[in-house]
Each structure stands twice: as structure tokens, then as C-alpha cells.
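A short worksheet on the structure shown next.
The values are calculated or read from the model by the stated rules, or taken from the named source; none is laboratory data. The model shown is predicted, which means the values in this text are computed figures rather than measured ones. Here the Cβ positions follow ideal geometry from the backbone for every residue, glycine too, while neighbour counts run over all protein chains shown.
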């Protein structure tokens, strides 16, 4: 079975996304983001989470295995 780098990279991005989203939900926005009213940690945590889940799903559904005839 060949090594597919999408799985560990997807796990890493998913983990970072969960941690960054949790930090964004639990803490208030930083002083620079307060002026704009944006929670940057929550936004980018969601982006990382979606990207990580996309990589994991693509690794799951687009596996290249031995072709059957």
C-alpha cells in the first residue's frame, strides 16, 4: 500500500483547526481585531478545519489501490 501524505496532513490541519477555533470561542478578540469586530482565531480555525476535513475525505474516497480486471 503506497503512502498517502493527505492523511497525516489532513489530521494535522484538522487538529490545528479545532484548537484554533476553540481558542477563538473561549477568548475574546485581540486588541487589533476589536476595532474591526472580527474574531480572527475563530475564522481561521474554521478555514483550517474545513481544509483538514477536505484532505481527509479526499484521502478516504480517492484511494489508489490495485486495479481489478
Can you find, within the range 30-42, the residue that is modelled with the highest pLDDT among those that are surrounded by fewer than 14 Cβ atoms within 10 Å (Cβ to Cβ) and in a helix (DSSP H, G or I)?
34
Residue pairs within 7 Å by beta carbon, gap of at least six or interchain, first lying in the range 13-25 and farther than 22 Å from residue 57 by Cα, second crowded, with 18+ Cβ neighbours inside 10 Å and modelled with pLDDT of 90 or more, listed first then second, are 24/45
Of all the residues that make up the range 3-12, how many are touching a helix residue (DSSP H, G or I) at 6+ places or on another chain (Cβ under 8 Å) and part of a loop (DSSP other than H, G, I, E, B)?
1
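Where residues in the range 13-29 are surrounded by fewer than 14 Cβ atoms within 10 Å (Cβ to Cβ) and out of contact with any helix residue (DSSP H, G or I) (no Cβ under 7 Å at 6 or more places or on another chain), which of them is modelled with the highest pLDDT? Give the steps one after another, and end with the answer.
Initial filter on the range 13-29 (surrounded by fewer than 14 Cβ atoms within 10 Å (Cβ to Cβ)): 15, 22-23, 25-28.
Of the ones still in play, those that are also out of contact with any helix residue (DSSP H, G or I) (no Cβ under 7 Å at 6 or more places or on another chain) are 15, 22, 26-28.
Numbers: 15: 97, 22: 92, 26: 86, 27: 79, 28: 65.
Applying the filter and picking the extreme gives 15.
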